[in-house]
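The block underneath contains the structure these notes are about, expressed in structure tokens.
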Amino acid sequence: MSLTDTTPAAEPIEGPLHDAQEERKARRKKMEKIAKYVLPVLVMALAIWYWDRLVVWNNIPKYILPGPGLVMKTLFSDWGILSSALLVTLKITAMALGVAVIGGVAIAVIFSLSRFAEMSFAPFAVILQVTPIVSIAPLIFIYIDNRFIALLFCAWIVAFFPILSNTTLGLKSVDHNLSDLMTIYRANRWQRLRYLQLPSALPYFMGGLRIAGGLALIGAVVAEYIAGTGGIGSGLAFRILEASYRLNIPRMFAGLILIAATGVIIYGLTSLVSWLALRKWHESALNRE
Amino acid sequence: MIADLGNRAPILNVRSVDKTFNKGVVALRRLSLTVNEGDFISLLGPSGCGKSTALRLIAGLMEPSIGKIDWTGGQGADDLGVVFQEPTLMPWATVAKNVWTPFRLRGQSFRSVKDRIEEALSLVGLEKFANAYPRELSGGMKMRVSIARALVTRPRLILMDEPFAALDEITRQKLNDDLLNLKARTGATVIFVTHSVFESVFLSDRILVMAARPGRIIKEIQVPEPYPRGIEWRTSAEYARIARETSDTLHGATGATEAAE
């Protein structure tokens, strides 16, 4: 018991405990929490204010740079044209994303079932992905008569690859011990896919979905620019193009704002879906304290 | 309980099995082994002696190059339970759903085997954690879930591949004690791979000491101490004697291999 003999008795502790470092840390954390919401709003407001001042101070004409006030006014006054165009773009984006999800996952599953299928067809997917959509789109509009289907096809080409490649990677990233366990309990191919591979691939798929959401919008907009024909049933990109021909710069800005807002909302939605699907178990969706 | 090793029914026969990998590495040579009902066998040896290969052969994850592995009465779908070195749980499923896995793969609904799952969880002391996710559990608790999953089908044989090697000493000791309790209560037959002399002497009634290059069994040491074994077994003179004998056998073999090189 020599150990206890040489150890001095602990000093009695009086009053509340203070630790300067811990307190600094806590204060900093609190600040960061507030800044996380306040800072972006503040900086955005400042930027818009400066944009407005820039226009006013320099007397910039509205056909070069309209002020934020005028853009907002145009957004409301042209809402009829813009909203119907937005609806068209949204429809193409959403449908392209939907088909990309179904197609990407289905092809990924086929790849995971057959290595030979993957070896044979993966190069096609890569070629489709690396060839800029701008350069393929004119051909697509020649070969596909229906303008809506052609637009959808363009957006799909851009959106489906991240889903395919991420899901393929996910289906392969299975814990090998769990895979052995499946073998020992004599799981068939379908059970292995359903109970092990698909859940393992879920976080990867969600990553792909978030990228694909933004890409579907970009694909839809780019394809519209190339398609270019006007009239009823034209999307936002066409309206922007049309406004630029007419030097209606405020409407161009209004259209741009709608596209940007759509992109942000798509990103928010896919992030939400991802969080909802993974929050129970995956590291990416967990709050660490 | 059962100290007599002679009168148990054999459930598995490994008959003169060789396993040669590509490039001519002989992982196992002439492995012969009879597993009797109620045996707690340790495969003890240095790394590279083929103990994990032996386990994978018995699990059916590998085929022997030569020789045969025969199950008495043939092997059924739920004859085996396995515990790996890692807990190997599905992170997206709750503890209960993880334990359900062997049944689920046979098409049995969760509801129909709920009692069995609860029973297995209470055997490892985790009945309160049925709805927790693996990430919420400590390393030792995850291992218990893994053991519960191996037990839940009441398999004829449980294979354990260095299951506690990654745990801290205190948790490891505790799980060893608990494993012996489980063994006493369920009468399970276990093959336990380890590289710890003390673990093998504490747990098993048959220690198969293996040597490397080529992987083979060099000696069987019997531990006649009946189950249940408690803390007094760990401190007994007999335990120390068998541990010394096992250690000498092991190091004699390792030394011989090293000298031969």
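Just so it is clear, none of the values below were taken in a lab; they were calculated from the coordinates. Being a predicted model, the structure only gives us computed values, none of them experimental. All Cβ positions, even for glycine, are placed from backbone atoms using ideal geometry, and neighbour counts span all protein chains on display.
What's the local net charge at A:PRO68, with K and R +1, D and E -1, over the other residues with C-beta under 15 Å away?
Details: positive: A:ARG53, A:LYS62, A:LYS73, A:ARG251; negative: A:ASP52.
My count for the surroundings of A:PRO68 gives +3.
In chain A, which longest range has no trypsin sites (Lys or Arg not before Pro) that are both DSSP loop (not H, G, I, E or B) and surrounded by at most 12 other Cβ atoms within 10 Å? Spell out each step's value before the answer.
Values: sites that count: A:ARG246, A:ARG279, A:ARG288.
Answer - A:1-245.
Kindly express, to the nearest 10 degrees and within the range 0 to 90, the angle between helix B:237-260's C-alpha long axis and the longest C-alpha principal axis of chain B.
For helix B:237-260, the angle is close to 60 degrees.
Would you list the membrane-span-like helices of chain A, meaning whole DSSP H runs whose alpha-carbon atoms span at least 18 Å along their axis and whose mean Kyte-Doolittle value is at least 0.5? Mind showing how you got there, number by number?
Values: long enough: A:20-58 (52 Å, -0.19); A:79-113 (49 Å, 2.05); A:115-130 (22 Å, 1.16); A:147-172 (38 Å, 1.49); A:198-227 (40 Å, 1.33); A:249-278 (43 Å, 1.77).
Flagged H segments are A:79-113, A:115-130, A:147-172, A:198-227, A:249-278.
Applying 1/(1 + (r/R0)^6) with R0 = 60 Å to the Cβ-Cβ distance of A:LEU17 and A:ASP145, what FRET efficiency is obtained, to the nearest 0.05? Don't skip to the answer; put the middle values down first.
Numbers: r = 77 Å, r/R0 = 1.28.
Approximately 0.20, to the nearest 0.05.
Tally Lys/Arg at +1 and Asp/Glu at -1 over every other residue whose Cβ is under 14 Å from the Cβ of A:TYR225; what's the total? Please report the intermediate quantities before stating the final value.
On the way: positive: A:ARG147, A:ARG239; negative: A:GLU224, A:GLU242.
For residues surrounding A:TYR225, the net value is 0.
Take chain A, connect every pair of alpha-carbon atoms lying under 10 Å apart with a spring to form a Gaussian network, then pick out the residue of A:THR262, A:THR93, A:THR167 with the largest mean-square fluctuation.
Looking only at A:THR262, A:THR93, A:THR167, the biggest GNM fluctuation is shown by A:THR262.
Below 25 Å, Cα to Cα, which lysines can A:LYS33 reach? Residues fewer than 8 away in the same chain don't count.
A:LYS25, A:LYS280
Please report, in debye to the nearest 20, how large the charge dipole of chain B is about its Cα centre when each Lys and Arg carries +1 at its beta carbon and each Asp and Glu carries -1 there.
On the way: 34 positive and 30 negative charges, 154 e Å.
Roughly 740 debye for chain B.
Any idea how far the Cα center of the stretch A:86-127 sits from the one of the stretch B:135-163, in Å?
About 39 Å separates the Cα centre of the stretch A:86-127 from the one of the stretch B:135-163.
What's the local net charge at B:ALA59, with K and R +1, D and E -1, over the other residues with C-beta under 11 Å away?
Numbers: positive: B:ARG56; negative: A:ASP180, B:ASP79, B:ASP161.
Here the count lands on -2.
May I ask you to sort B:VAL14, B:VAL25, B:VAL201 by Cβ crowding, counting other Cβ atoms within 10 Å and putting the fewest first? Don't skip to the answer; put the middle values down first.
Values: B:VAL14 20, B:VAL25 12, B:VAL201 26.
In order of increasing Cβ crowding within 10 Å: B:VAL25, B:VAL14, B:VAL201.
For the Cα atoms of chain B, what angle does the longest principal axis make with the long axis of helix B:169-186, in degrees from 0 to 90, nearest 10?
Roughly 80 degrees, rounded to the nearest 10.
Rounded, prolate or oblate: which fits chain A when a ≥ b ≥ c are the square roots of the eigenvalues of the alpha-carbon gyration tensor, with rounded for a/c under 1.5 and prolate only if a/b beats b/c? Please report the intermediate quantities before stating the final value.
Details: a/c = 3.65, a/b = 1.24, b/c = 2.95.
Oblate, since a/c reaches 1.5 and b/c is not below a/b.
Going by C-beta contacts inside 10 Å, put A:LEU171, B:LEU31, A:LEU54, B:LEU180 in order with the fewest on the left. All intermediate terms of the calculation are to be shown ahead of the outcome.
On the way: A:LEU171 22, B:LEU31 27, A:LEU54 12, B:LEU180 19.
Ranked by crowding around the Cβ, least crowded first: A:LEU54, B:LEU180, A:LEU171, B:LEU31.
Tell me the relative contact order for the stretch A:68-280 as a rounded percent, counting alpha carbon contacts under 8 Å between residues six or more apart. Please report the intermediate quantities before stating the final value.
Details: 251 pairs, mean separation 65.5, N = 213.
Once normalised by length, the contact order is 31 percent.
Tell me, what is the FRET efficiency for B:ALA132 and A:SER271 to the nearest 0.05, using R0 = 25 angstrom and their Cβ-Cβ distance as r? Provide the component values of the computation, followed by the final result.
Working: r = 26 Å, r/R0 = 1.06.
Once the sixth-power term is evaluated, E becomes 0.40.
Stretch A:LYS30-A:HIS176 to full length: gain in nm at 0.36 nm per residue minus the Cα-Cα span?
Numbers: separation 146, 0.36 × 146 = 52.56 nm, distance 4.23 nm.
Working it through step by step, the gained length comes to 48.3 nm.
Answer with one residue from A:PHE205, B:PRO214, B:VAL14: the one whose Cα lies farthest towards the positive end of the charge dipole of the protein assembly as shown, charges on Cβ with Lys, Arg +1 and Asp, Glu -1.
Toward the positive end, the furthest listed residue is A:PHE205.
To the nearest 20 debye, what is the magnitude of the charge dipole of the stretch A:172-281 about its Cα centre, counting +1 on the Cβ of each Lys and Arg and -1 on the Cβ of each Asp and Glu? Mind dumping the intermediate values first?
Numbers: 11 positive and 4 negative charges, 69 e Å.
That gives a dipole near 320 debye.
Other chains near A:179-191: what is the mean number of their Cβ atoms within 10 Å of each residue's Cβ?
Across A:179-191, the average partner-chain Cβ count within 10 Å equals 6.
Based solely on its DSSP helices, what 222 nm [θ] is calculated for chain A when runs of n ≥ 4 H residues each add -39,500 (n - 2.57) and the sum is averaged over all residues, nearest 500 deg cm²/dmol?
Numbers: 11 runs with 221 residues, N = 289.
It comes out at -26500 deg cm²/dmol, rounded to the nearest 500.
Using only Cα atoms and rounding to the nearest 10 degrees, what angle (0 to 90) does helix B:114-123 make with the longest principal axis of chain B?
With both axes taken from Cα atoms, the answer is about 50 degrees.
Which percent, to the nearest 5, of DSSP beta bridges fully inside the protein assembly as shown are antiparallel? Before the final figure, lay out each step's value.
Numbers: 18 of 35 bridges.
Counting DSSP beta bridges with both partners in the protein assembly as shown, the antiparallel share is about 50 percent.
Given a Förster distance of 60 angstrom, what is the FRET efficiency for B:GLU119 paired with A:LEU87, based on the Cβ-Cβ distance and rounded to 0.05?
Numbers: r = 58 Å, r/R0 = 0.97.
My answer for the efficiency is 0.55.
Per residue of A:129-139, count partner chain C-beta atoms within 10 Å of its C-beta, then hand back the mean as an integer.
Working: counts 0, 0, 0, 0, 0, 0, 0, 0, 0, 0, 0.
Rounded to a whole number, the mean comes out at 0.
In nm, to one decimal, how far is the modelled label at A:ILE110 from the one at A:ILE64, with both set 7 Å along Cα→Cβ?
5.6 nm
Size of the protein assembly as shown along its principal axes in angstrom, Cα-based, largest extent first?
100, 74, 55
Quick check on chain B: helices-only [θ] at 222 nm, where DSSP H runs of length 4 and up contribute -39,500 (n - 2.57) each and the sum goes over total residues. Nearest 500, please.
Values: 8 runs with 95 residues, N = 261.
Estimated from H runs of four or more residues: -11500 deg cm²/dmol.
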